[in-house]
């Protein structure tokens with residue numbers, strides 16, 4: 001459906017009149033812009049990571065994130081529920097991902113001694129090596145795709 005732009009008369013609304021109608025302040029607009037920039041950077045980074053981790057190492061981003069978190073606790077592993085929270089996956093999604101990583105020999109599950117319902121996930125030697133190989137790719141992609149000012153905040 002075509003819009004009749006000739007029907008609009010008068011000047012464009014000013015920022016002040018728009019703010020009066022919407023109730024948004026300059027800070028609100030800045031917050032919205034920051035959110036959009038963050039999402040844009042996340043999507044660009046995620047897509048580049050998926051492509052390069054997949055091509056070079058046969059891993060998806062979530063696969064790598066699990067290996068990366070497990071590498072921080074090599075001796076004790078992660079309780080499955082805590083790992084799911086750390087990598088922002090549902091328990092069932094993590095279970096499917098862990099099944100796949102376990103089939104490839106990258107992780108292993110073990111029962112929790114204190115709670116028979118609990119399961120720990122640990123890296124295997126092959127998982128440590130896969131993580132080590134993929135880590136450089138991961139860091140290089142993020143250095144290339146994340147906003148430099150964001151990286152600087154954490155240096």
Study note, to complete from the structure: Looks like region 30-153, by Cα gyration tensor root eigenvalues a ≥ b ≥ c and the a/c under 1.5 rounded cutoff (else prolate when a/b is bigger than b/c, oblate otherwise), is prolate
**Study point:** Theoretical FRET efficiency, 1/(1+(r/R0)^6), r = Cβ-Cβ of residue 140 and residue 35, R0 25 Å, to 0.05
**Key:** 0.40
Check your understanding: Distance in nm between label sites at residue 91 and residue 125, each 7 Å beyond Cα in the beta-carbon direction?
Key -> 3.4
Revision key, fill the gap. Checked region 111-150 against the a/c 1.5 cut and the a/b vs b/c comparison, axes a ≥ b ≥ c from its Cα gyration tensor; verdict oblate
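Just so you know, all these numbers are worked out from the coordinates, no wet-lab data involved. Since the model is a prediction, treat every value here as computed from it, not as a measurement. Virtual Cβ from ideal backbone geometry, glycine too; neighbours counted across all protein chains shown.
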